[in-house]
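Below is one structure; the comments refer to it alone.
The values are calculated or read from the model by the stated rules, or taken from the named source; none is laboratory data. Source: prediction; values computed, not measured. For neighbour counting, all protein chains shown are included, and Cβ atoms are generated from backbone atoms with ideal geometry for every residue, glycine included. Each accessible area value is taken on the protein alone, full model and side chains, heavy atoms only, with ligands, DNA and RNA left out. Shrake-Rupley method; radii C 1.70, N 1.55, O 1.52, S 1.80 Å.
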Amino acid sequence: MRRQLLAATALLGAFTLGAGTASAAGAPRWTETGTAYTDTLGGGQGLAARADGSLLYRGLASIPLDLRVKGWNHIGDPDIARGHVFDAYQGSDTATSKMFAVTTPAGKRYEYVHPLNPGEKLNNSFAAVSPDGQWLVSGEWGTQSRLQVFPAPLLNPSTPPTGGELKEAGQITLDQPVRDIQGCDFVTETRLLCASNDASGTLFPEIRPLLQVDLPRKPDGQPVTGAVQSVFALPQRSVCTGTFEAEGVDYDANSGTLRAQVIPPGVCAAATAVHAYQQVTD
């Protein structure tokens, strides 16, 4: 995810055009059902749906003081599984590790630190827990041909029960490169949807695409190859002009609602757009 949030002190306003259906050839079709807004400082880095349908947001202001003191100065797109909140943290540009914090339904937080492997980037853009609660998928910044897989802290019995070191279990090798993945979430046991901030149009035709990653089997900690395709371009609509930024993504399995965040440019960046979608059945 972006290292620094845009500074913004006033919101001029933003507008949303009519909802529409968008998809890539052969991909499931999603129709946009509405747009909401959230404070960027408190919720512009990611979101996750709770069991009751309410939304948990994460932003720069979400980082607890004690974690900031330890050097964890960036929080990514979260996930919620079995009532546990999974947060992805990264440190400074000289960091040699990344950290996942897990908060239990009772409010107890445990920290799981992953020392960087050779060649691994320090970025920790998101946390996505598999539907069975056993595996945690995350990713790095820049152009990548993989997603990382870890045993899900606390929920996978192979992890320490009160925090500690977290080792990588395996990888999802992607059949084509992706760039600047900001967040991913599982929509089925074998399918993830990921928000990309890639505006180059060189890897996929769409600008800032929502990408679909299909796996041949559900995650099991072993190496696997994922098939990638672009589903649609994330909306870039605002009264302000300039550079947009794709951020977190969430799929609420209870309601079937997909949500994706986009930060508008300029002073409009004070409020992050949260676009909602439902899958279309032909």
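Please find the FRET efficiency linking S92 to S200, where r is the Cβ-Cβ separation and R0 is fixed at 25 Å, and quote it to the nearest 0.05. The value I calculate is 0.40. Think of it as helices only: each DSSP H run of n ≥ 4 in the chain is worth -39500 (n - 2.57), and spread over all residues that comes to -500 deg cm²/dmol at 222 nm.
A simple spin-label model places the labels of T104 and T31 4.4 nm from each other, with each point 7 Å out along Cα-to-Cβ.
The distance linking region 246-270 with region 185-220 is 15 Å (Cα centroid to Cα centroid, whole angstrom). Mind checking which of S54, S62, S145 has the largest fluctuation in a GNM of the chain, springs on alpha carbons under 10 Å? Fluctuation is largest for S54.
Over the chain, the hull volume per residue, using the convex hull of the C-alpha atoms, is 126 Å³. For G226, the residues 5 or more places off, or on other chains, whose built amide H falls under 5 Å of its own are T173, L174, D175.
In the chain, what % of DSSP beta bridges are antiparallel (nearest 5)? Restricted to the chain, the bridges split so that about 90 percent are antiparallel. Of the trypsin sites (Lys or Arg not before Pro) in region 77-171, the ones in a loop by DSSP (not H, G, I, E or B) with at most 13 other beta carbons within 10 Å are R82, K108, K167.
Here the accessible area of the chain is 54 percent carbon and sulfur, with a 1.4 angstrom probe and all protein chains present. Computed over the chain with a Gaussian network model linking Cα atoms closer than 10 Å, the most mobile of S255, S238, S138 is S255. Taking 24 Å as the straight-line reach from the Cα of K218, the lysines in range (excluding those fewer than 8 positions away in the same chain) are K167. In a fully extended conformation the segment linking T188 and R50 would gain 48.0 nm over its present Cα-Cα distance, using 0.36 nm per residue. Within the shell defined by Cβ-Cβ distances under 9 Å, the residues around V249 carry a net charge of -3, with Lys and Arg each +1 and Asp and Glu each -1. For region 195-202, 3J(HN,Hα) computed residue by residue from phi via the Karplus equation (6.51, -1.76, 1.60; θ = phi - 60°) reads 8, 10, 9, 6, 9, 7, x, 8 Hz, glycine and proline entered as x. With the simple model of a label 7 Å out from the Cα in the direction of the Cβ, R68 to D39 spans 1.3 nm. Across the chain, Cα pairs under 8 Å and at least six residues apart give a relative contact order of 21 percent.
Of all the options V239, V213, V149, the one that moves most in a Gaussian network model of the chain with Cα springs shorter than 10 angstrom is V239. Think of a 1.4 Å ball rolled over the protein heavy atoms: region 143-282 then has 37 Å² of accessible area per residue.
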